[in-house]
Amino acid sequence: MSGFEVKRKDVETISVIYLKGYLDAHTAPDFEKSLQTLVDEDRIRIVVNLAELNYISSAGLGVFMGFIEDIRNKGGDIKLAELTEKVFRVFDLLGFPVLYDILENEQDAIAKYEEG
Amino acid sequence: MKIGQTSMRTWSGMILTIVFLVAAALHVTIFSLSGASGWISKSVQEILAFCALLAGIIWVNRQFCFENMGLVQKLRLLSGLVLFFWGIIKLVSGAYPLEIYYDTAAFGRSIIWLALQISLAVIVCLLLLCILKTLVFVQPGRGTSRSFMLMMIMVFTASVSSFFYTGSVEDLDFGQAFFFSGNPFQITIQIVLAFSALIIGFRCKWIHYLNKTQKLSTTGLGIGLMVLLFSLIPYVPGVAMHYSYILCYFIKNALLVFIIYGNMALLGLLLQLPSAGLMDRRTNDIRSLQQISAIIGTVYDRGDLIKKALEQALEILQADFTWIDLKEEDHYSLAACSGIETVLLKRLETQLKLLRGVIEDKDEVMLIHDIHRDRFFRHGPRPYLWGGSLLVAPIRFKHEIRGMMFAGKREPFGFVEESRGLFRAFCNQVAIAFENARLVEISIEREVYKEELRVAHQAQMRLLPQRTPELPELEVSGFCLTANDIGGDFYDYVEIGKHRLDVVIGDVSGKGAAAAFYMAELKGIIQSLAAHFKSPRAMLIQINDFLKNHMERNMFVTMLYLMFDLTRQQVLVARAGHEPAGHIQGNEVRWIEKNGIGLGLADHELFSSSLEEEKIPLVPGDRFFLYTDGLIEIRNPEGDEFGTGRLTEMLQHAGAQPVQAMNKMIRDDIGQFAAEATQQDDMTAVMIEYTGNKHHSK
């Protein structure tokens, strides 16, 4: 299978994480690590850009769930942006739109933080 | 085949011996009848001697009669025979001085004894040649066989050529010059003979097989034997010459061969004596190492292995004490010791730690000649019974140090420099044995683990419905194909009375043991609660409450709950984050995509507020298809997913076949699609058909 990549960009107090490739049980720890780093740095206003994510498994979805409670308790959030149709279907089926802010593009997600 | 060859050889040897003896007997008879006079009798006698000798020489060339004898025994036998030979010749020459030749009557009287003794001497010579051959053929080279053959031919030719000696006996010089006497032809042959014996003399490999003491004793013995043989030179011709030229010359030529070979061997022995001790030690070292690998290689238990290693170290190095420290995560701890107290080693720990550090850096065997003067131990504590010399070597496998081995003697300078090499090789053997033991342990563990997985898989498979429900108006069929030994997919049926059937399909996120536990738990919850709930939605909310409290945060369960109510002829459907159920009517497929979050993801309020339920009235012929994501996510070798599109299409064109047949078709189609690609995830599906009352009518 094709690889997996995590990149990060900081915009003022907001951090954007770019996921690329396949997020499954094997690659989930990479994503987990990068989220943990953000939490450790106290950068808890997070946007995850999924434009280049081809596949997400239940283990990948689990990573979001593992962090969201702590981050929200600290006053932060994880917002999802730029999901492909296929990935959106997975999130949608699972009911993520109820649990997370899912936005059309990265800018909207960043703007949403700035609003509230 | 081999046995046949051996017996052939024995037989030919026996026949030749008989020929030889018969010829010798005839020889003696003729001699005693006709006396020494007469040209014809002389010629007949020489011809018989010729035959006997030819037979004897062929026999020697063919026979390896002392093949199975030990080297030392051979040398002993050789010495005995030489001594015997010397005795005979001495006896002959003493009993029959040369003057006897001139007294025909006296000569005639003693002729039988003379003949017997000469024959005996010839036989002894042949036996000696035979032993010589086995010595020469220790580690034979390419030309060994040829050289030996040449030498034997020369012995024979030189002996036979004496037949043509024309001069009188009195003319012979009985000194050393006798060895190269006769006409130019005879002399040439004798020189060639001496030369070939010299070549054979270089074949002394047997010397390597003697240890130091044996070399010493053989040298002494050899010198003695050489003196004896040399002393015989003037006596050999003597009376024997009158008896038979050929046999006399044969004895003489054999003597020449023995002297040349004997001297060469002595030279070889003398040259090797200075290094004999070292050679011995090397041989011993190699033998010890072989012994270690033989012993250690068969021990797979770590504890036994350490014990054996200590025993062997004491024996091989003749050490007084030894111990092994094993390394685990940069920390050394004493594994076992012998000949030394644990308490004592504990007191020396600080010094030993420094020592181990140095050895790790240098990676070589350290030899401390005197512990009390050594830089590591000079200033440390001096416990009672501590001192002498010490050898330390790392036990390393590939590039990893697994531990360290110590061996010591009570007296300073107890080890020689060569012990380093031996100890290093020894420790390498120990390291290999450790690695073997470790691998064996791992493979046993792996087997046990595999077996446990198999048991877990079996247990999990038993959690799936063991029989299909038999309701008059419903036909049900389901399957679950796991990708790993323990998967996260499950489905279940709950029959409540004759008119209600709950069908559940679910997927626990992740796989393995944790997923299996939740699966077992969910089955229990569903089976026990189903009768108390009248709607799938209420059921799912209850399950979510239960899971949310104690499930790990990054885990969740998706579930699809269908409640068939045959009294009301309806089905209630609720979906908690799961792939939607398909409602098939004829060739029309509708996915029931009601809202609902996965179980364990949201708290009670959020979960229940977003969970919807759909009520569908049942029409005979209605089918419902439930599946897990593994089914649509399976890929073909090109990497394309099966996808919902293909699934919908397949269901549309399935026709009105029974549910079992339809499930089989789905499995076949997916199998065909995936071809050789491996299944990544579990695949589960359930198909339900509402047949209405038609079964009643049947």
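Key figures for this structure:
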read-out: Failed condition for B:SER509, given (1) within 14 Å of another protein chain (Cβ to nearest Cβ); (2) buried (at least 24 other Cβ atoms within 10 Å of the Cβ); (3) under 18 Å from B:GLY478 (Cα atoms); value: (3)
read-out: Tally, over region B:641-698, of residues that are among the small types (Gly, Ala, Ser) and within 24 Å of B:VAL571 (Cα to Cα); value: 7
read-out: Any hit, region B:342-359, residues being under 31 Å from the mean Cα position of the chain (by Cα) and surrounded by fewer than 16 Cβ atoms within 10 Å (Cβ to Cβ); value: no
read-out: Residue match in region B:250-265 (condition: within 21 Å of B:ALA49 (Cα to Cα), touching a residue at least 24 places away in the same chain (Cβ under 8 Å), touching a helix residue (DSSP H, G or I) at 6+ places or on another chain (Cβ under 6 Å) and aromatic (Phe, Trp, Tyr)); value: yes
read-out: Conditions (1) touching a Lys or Arg at 6+ places or on another chain (Cβ under 9 Å); (2) in contact (Cβ under 8 Å) with a residue 40 or more places away in the chain; (3) of a type outside the set (Phe, Trp, Tyr): number failed by B:ILE340; value: (1)
read-out: Condition met for B:LEU560 (within 14 Å of another protein chain (Cβ to nearest Cβ) and part of a helix (DSSP H, G or I)); value: no
read-out: Matching residues in region B:514-527 - criterion: being within 45 Å of the chain's Cα centre (by Cα) and within 14 Å of chain A (Cβ to nearest Cβ); value: B:ALA514, B:ALA515
read-out: Residue satisfying all of: in region A:44-69; over 21 Å from A:ALA109 (Cα atoms) and more than 7 Å from chain B (Cβ to nearest Cβ); surrounded by the most Cβ atoms within 10 Å (Cβ to Cβ) among these; value: A:SER57
read-out: Helices (runs of 4 or more DSSP H) enclosed by region B:175-289 - at least 3 residues per element that are among the polar types (S, T, N, Q) and at pLDDT 85 or above; value: B:212-232
read-out: Complete set of residues in region B:617-647 that are over 57 Å from the mean Cα position of the chain (by Cα) and surrounded by fewer than 18 Cβ atoms within 10 Å (Cβ to Cβ); value: B:PRO617, B:VAL619, B:PRO620, B:GLY621, B:GLY645
read-out: Residues of region B:419-451 satisfying the condition of being aromatic (Phe, Trp, Tyr) and loosely packed, with under 15 Cβ neighbours inside 10 Å; value: B:TYR449
read-out: Qualifying position, being more than 20 Å from B:GLY510 (Cβ to Cβ) and of a type in the set (Asp, Glu), among A:ASP42, A:ASP24; value: A:ASP42
read-out: Members of region B:318-334 that are surrounded by 21 or more Cβ atoms within 10 Å (Cβ to Cβ) and outside any strand (DSSP E or B); value: B:ALA319
read-out: Wholly within region B:588-672, helices (runs of 4 or more DSSP H) carrying at least 3 residues that are within 22 Å of A:GLY62 (Cα to Cα) and within 12 Å of chain A (Cβ to nearest Cβ); value: B:604-610, B:629-633
read-out: Among residues of region B:666-698, those that are modelled with pLDDT of 90 or more and under 19 Å from B:THR644 (Cβ atoms), counted; value: 4
read-out: In region B:565-581, the residues that are in contact (Cβ under 8 Å) with a residue 40 or more places away in the chain, on the phi < 0 side of the Ramachandran plot and away from chain A (no Cβ under 14 Å); value: B:ASP565, B:LEU566, B:THR567, B:GLN570, B:VAL571, B:LEU572, B:VAL573
read-out: Test: residue in region A:98-112 that is at positive phi and either crowded, with 19+ Cβ neighbours inside 10 Å or assigned to a loop (DSSP other than H, G, I, E, B) (or both); value: no
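The values are calculated or read from the model by the stated rules, or taken from the named source; none is laboratory data. This one's a predicted model, so the numbers in the text were calculated from it and none came from an experiment. Methodologically, a virtual Cβ is constructed for each residue, glycine included, from the backbone with ideal geometry; neighbour enumeration extends over all protein chains shown.
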